[in-house]
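S.K.: Pasting a structure below so you can have a look.
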Amino acid sequence: EAQLRQSQRLDAIGQLTGGVAHDFNNLLTVILGNAETLADKLHGNEKLHALADMTRMAAERGAALTNRLLAFARRQALDPKATNVNKLLSEMDPLLRRTLGEHIEIETVRGGGLWNALIDAPQLESALLNLCINARDAMVKGGRLTIETGNVHLDGDYASQHSEVGSGQYVMIAVSDTGTGMTSDILARAFDPFFTTKDVGKGSGLGLSMVYGFAKQSRGHVKIYSEFGHGTTVKLYLPRAPGDHEESFPTSSSELPRGQERIFLVEDDELVRMHVTRQLESLGYHVTSAHNGAEALEALEALKRNGDYDLLFTDVVMPGGVNGRQLAVAVAELYPNLPVLFTSGYTENAIVHHGRLDPGVHLLNKPYRLQDLAAKIRLALAQNGKS
């Protein structure tokens, strides 16, 4: 009876803190991002700069509070050491194949020159096993699981949108499946302790929250990209182990390639759409946006003439019946010379099951730095004769 009461208490607290922290983090992401942008633009105005900086610090303190709520009941003694993630995945391969079953095809894409991660290896194995089991359960009739590794640099701009992560160098592990995917409602609660969509007795609802807590305590980051009916990608970002030669990444805004072209942006996530619009406009571009492929196609068809836009920048997987690839095909019939730049939270190898993008097609993987966005925009324009 005491154990039942304790379980119910943890369930109630976990549901409450998870929901509250999720909503506040969304608000704080916008507040923090805008405060940093204002602070950068107000260096010459000491009083207003101080106010913007104060807002940023308050938002960071608010973010720290929500992170402590999310870390509740996920305290564990970690022993982080420099770990070769590619080697760890190779050693896990037999276990994964036995656990997932023959109806799941497993593909592992190991990034070359991968950095060592500063991580607790046994806990990482447990987290990866949890992710793979979740993926298996989403593919009841079978499917493909793709595990991919790579080196990633998360810049300050990305960190300003995701207040639980700091900018820096990370080892990325992406676990993608061709399963049922998640609705926006389920995706919003995916990390909540005890939250599960499985039948009673089929799961505790602690798998993803354990992965989240582990990533947080390891000073890493985890991000889910999912579309209902298409599949899910979970990206785990692990801090790079110190000691190796540090690579330099350009960050100065004065070095960013800019332009004045007209860009049509298609992105179904409202906050992401607003943020990317702000980024593109800061680079000098004129931006028109739509929240899905059907809306974008209707707007472009209404123009009835070529040359109104210089680039279509669209997400690949979107709700509403018209995905990014279908949109690009339809737009090519209207405007054959309009270049297209795709973006997606799914990795390039995992995107195969959404309709393989043709060779030579430009793809910008999320998350991306402002430097990456600026360079990719110019590349897409240049290779299509627009600049």
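Read-outs throughout are calculated quantities, based only on the coordinates presented, and are distinct from any laboratory measurement. All figures in this text were calculated on a predicted structure; none of them were measured in a lab. Positions of Cβ are generated from backbone atoms using ideal geometry, with glycine treated the same way; all protein chains shown enter the neighbour counts.
S.K.: What's the FRET efficiency of THR183 with MET274 using the Cβ-Cβ distance as r and R₀ = 22 Å, to the nearest 0.05?
M.R.: Calculated value: 0.50.
S.K.: Then there is this: Any of LYS235/LYS366; LYS141/LYS235; LYS81/LYS216 with alpha carbons more than 18 Å apart? Name them for me.
M.R.: Check vs 18 Å cut-off fails for LYS141/LYS235.
S.K.: Could you compute the net charge surrounding GLU102? Neighbours are other residues with a C-beta less than 15 Å from the C-beta of GLU102; K and R count +1, D and E count -1.
M.R.: Charge balance in the 15 Å sphere: +2.
S.K.: Among 104-111, 213-220, 277-284, how do they line up from the highest to the lowest mean number of other beta-carbon atoms within 10 Å?
M.R.: Going from most to least packed, we get 213-220, 277-284, 104-111.
S.K.: What FRET efficiency do you get for HIS286 and LEU38 if R0 is 35 Å and r is their Cβ-Cβ distance, rounded to the nearest 0.05?
M.R.: Calculated transfer efficiency: 0.95.
S.K.: Once the piece of chain linking LYS87 and LEU27 is laid out straight, how much longer is it, given 0.36 nm per residue of separation minus the C-alpha distance between them?
M.R.: This chain segment gains 17.7 nm when fully extended.
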